[in-house]
1. Looking only at the stretch 371-427, which residues are more than 25 Å from Thr255 (Cα to Cα), in contact with a helix residue (DSSP H, G or I) (Cβ under 6 Å, 6 or more places away or on another chain) and either surrounded by 15 or more Cβ atoms within 10 Å (Cβ to Cβ) or of a type in the set (S, T, N, Q) (or both)?
2. Check off (1) out of contact with any Pro (no Cβ under 6 Å at 6 or more places or on another chain); (2) farther than 26 Å from Gly362 by Cα for Phe172 and give me the number that stays unchecked.
3. List the residue pairs whose Cβ atoms are under 9 Å apart, where the first residue sits in the stretch 153-177 and is in the same structural domain as Pro219 (by TED's automatic domain parsing) and more than 23 Å from Asn200 (Cβ to Cβ), the second is among the basic types (Lys, Arg) and away from the ligand (no atom under 11 Å from the Cβ), and the two are 6 or more positions apart or on different chains.
4. Among the residues of the stretch 286-296, is there at least one that is part of a helix (DSSP H, G or I) and surrounded by fewer than 23 Cβ atoms within 10 Å (Cβ to Cβ)?
5. Any residue in the stretch 257-269 that's within 21 Å of Met344 (Cβ to Cβ): show its pairings with residues that are of a type in the set (S, T, N, Q) at Cβ separation under 6 Å, as long as the two are six or more apart or on different chains.
6. What do you reckon, is Ala115 within 16 Å of the ligand (Cβ to nearest atom), modelled with pLDDT of 95 or more and either closer than 20 Å to His300 by Cα or in contact with a Cys (Cβ under 9 Å, 6 or more places away or on another chain) (or both)?
7. Tell me which residues, restricted to the stretch 118-142, are in contact (Cβ under 8 Å) with a residue 12 or more places away in the chain and more than 16 Å from the ligand (Cβ to nearest atom).
8. For the stretch 43-56, check the following and say yes or no: at least one residue is without any contact (Cβ under 8 Å) to a residue 40 or more places away in the chain, in a helix (DSSP H, G or I) and not assigned by TED's automatic domain parsing to the domain that holds Thr294.
Amino acid sequence: MSVSNGLTIVSQQGQKRNTFFKSPIERIFAMSVTRELFDEVMVPNYAPSKVIPVRGSGSRIWDQNDNEYIDFAGGIAVNCLGHCHPKLVSALTEQGQKLWHLSNTMTNEPALRLAKKMTDATFADKVYFANSGGEANEAALKLARRWALDNHGEEKSHIISFKQGFHGRTFFTVTVGGQPAYSDGFGPKPADVFHAEYNNLDSLKALMSDKTCAVVMEPLQGEGGIISPTADFVKGVRDLCDQHSALLVFDEVQTGVGRLGHLYAYMDLGVTPDILTTAKALGGGFPIGAMITTTDIAKHLKIGTHGSTYGGNPLACAVAEAAFDTVNDAQVLEGVKQKSKLFMDALNEINEKYDIFEEIRGKGLLIGAALKETYKGRAKEILLAAMDEGAMTLIAGANVVRFAPSLVIPDEDIKQGMALFEKAVAKIAG
Ligand SMILES: *Cc1c(COP(=O)(O)O)cnc(C)c1O
């Protein structure tokens, strides 16, 4: 490595890359950006991998040392069109030279266009923009409580959600989420939140009453371990909500925008929610979230009842509009189903050789490989081994390896990435 007015980085493959810095100070800082710096300057709530990626293209990522990775993680189900998709880059740069932010004292063209497209494509008539999934859910929960208060009075305040569910990290959303590890230890929680068993209608029935304001569910539990609902369960939840005049809220933050092979998961389940939240893939990697609902329910969020400084900013909405347009396309959605099969087939083949997975499950391009009892608790170990081989994966709890790649990942990348993943599995189970 030679240092002059720049830094020549020689990759393990022997390729040379020059990075030029404006000043000696900049060079010193650039040179000391290491994983160790994380432990020095960051709040210790994350445990990031030792790899620091510096660029990506499609479903490939390169780290500081120019090592290449195939990305099956997709920024946790966010980068629905891979990295730096040309349509998103041009939406971002075009809007970036026009107008970034106004606040909600004014509306803007990208937000209105995106909202129109979202309402045209779904059951909803109205959109509220936020910056993340947690914020979209926070809005949904507050709206449900307002709707119930206005229509039925103070007593109708119960919110029922499901064990193992995940809805975000604000205090209201962790409380509604079904994982005490995320909600405990922060003092008194928002009241009147109850948890039923997913895929167990009797357990929900036992909690439902005329005090039920809303039932909140993921139409496939993501963080909770890639658990699909049965068709009967989903229909039963809808019926119970109708019987008790409660709202049905679908958290489609992870399942939405093509992830399961339909624009939204509800479209393939034969039920329609009253409120739906969407984020992650909505911005294709740019932060944005939204809550969508009907006119009749939306009217309870009157002027001043809720808001966000950044929500619906032109920059985020312009990128999301490009992502939404690109994904909401019959060919792309059909491609998700085909690519899903390639993943499932490859994982089943690996499993035939190594007998490591109990079940390979999920839908579309949200796939979980659940470990056998013998390998219990070792999902993270597999993720790390796969990273060493050059394949990026995710986990969903301690026992499930999760795949949430780009919806347009080339078939060749699936094949190559799966070969790398197999090497990692061989290290653990070989
Ligand atoms: C990721 C996720 C959230 C939280 O989204 P953030 O953008 O991290 O706030 C909420 N619900 C579900 C189902 C998710 O997968």
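The values are calculated or read from the model by the stated rules, or taken from the named source; none is laboratory data. Values in this document were obtained by computation on a predicted structure and should not be read as measured data. Reconstructed Cβ throughout: ideal geometry from the backbone, glycine too, with neighbour counts over all protein chains shown.
1. Ala385, Glu389, Gly390, Leu420, Glu422, Lys423, Ala424, Val425 - these are the residues of the stretch 371-427 that are more than 25 Å from Thr255 (Cα to Cα), in contact with a helix residue (DSSP H, G or I) (Cβ under 6 Å, 6 or more places away or on another chain) and either surrounded by 15 or more Cβ atoms within 10 Å (Cβ to Cβ) or of a type in the set (S, T, N, Q) (or both).
2. Unmet for Phe172, out of (1) out of contact with any Pro (no Cβ under 6 Å at 6 or more places or on another chain); (2) farther than 26 Å from Gly362 by Cα: (1).
3. Glu155/Lys211; Lys156/Arg145; Lys156/Lys211; Ser157/Arg145; Ser157/Lys211; Phe171/Lys189; Phe172/Lys142; Phe172/Lys189
4. Keep residues of the stretch 286-296 that are part of a helix (DSSP H, G or I), which gives 295-296.
Going one step further and asking which of them are surrounded by fewer than 23 Cβ atoms within 10 Å (Cβ to Cβ), we end up with 295-296.
Yes, the stretch 286-296 contains at least one residue that is part of a helix (DSSP H, G or I) and surrounded by fewer than 23 Cβ atoms within 10 Å (Cβ to Cβ).
5. The qualifying pairs are Ala265/Thr255.
6. Numbers: within 16 Å of the ligand (Cβ to nearest atom): no; modelled with pLDDT of 95 or more: yes; either closer than 20 Å to His300 by Cα or in contact with a Cys (Cβ under 9 Å, 6 or more places away or on another chain) (or both): yes.
When the stated conditions are applied, Ala115 does not pass them.
7. At the first step, the residues of the stretch 118-142 found to be in contact (Cβ under 8 Å) with a residue 12 or more places away in the chain are 118-119, 121-142.
Once the filter is applied, which keeps residues that are in contact (Cβ under 8 Å) with a residue 12 or more places away in the chain and more than 16 Å from the ligand (Cβ to nearest atom), the stretch 118-142 yields Met118, Thr119, Ala121, Thr122, Phe123, Ala124, Asp125, Lys126, Val127.
8. Let us first name the residues in the stretch 43-56 that are without any contact (Cβ under 8 Å) to a residue 40 or more places away in the chain, namely 43-48, 50, 52-56.
Now drop any that are not in a helix (DSSP H, G or I), which leaves none.
The answer is no, given that none of the residues of the stretch 43-56 is without any contact (Cβ under 8 Å) to a residue 40 or more places away in the chain, in a helix (DSSP H, G or I) and not assigned by TED's automatic domain parsing to the domain that holds Thr294.
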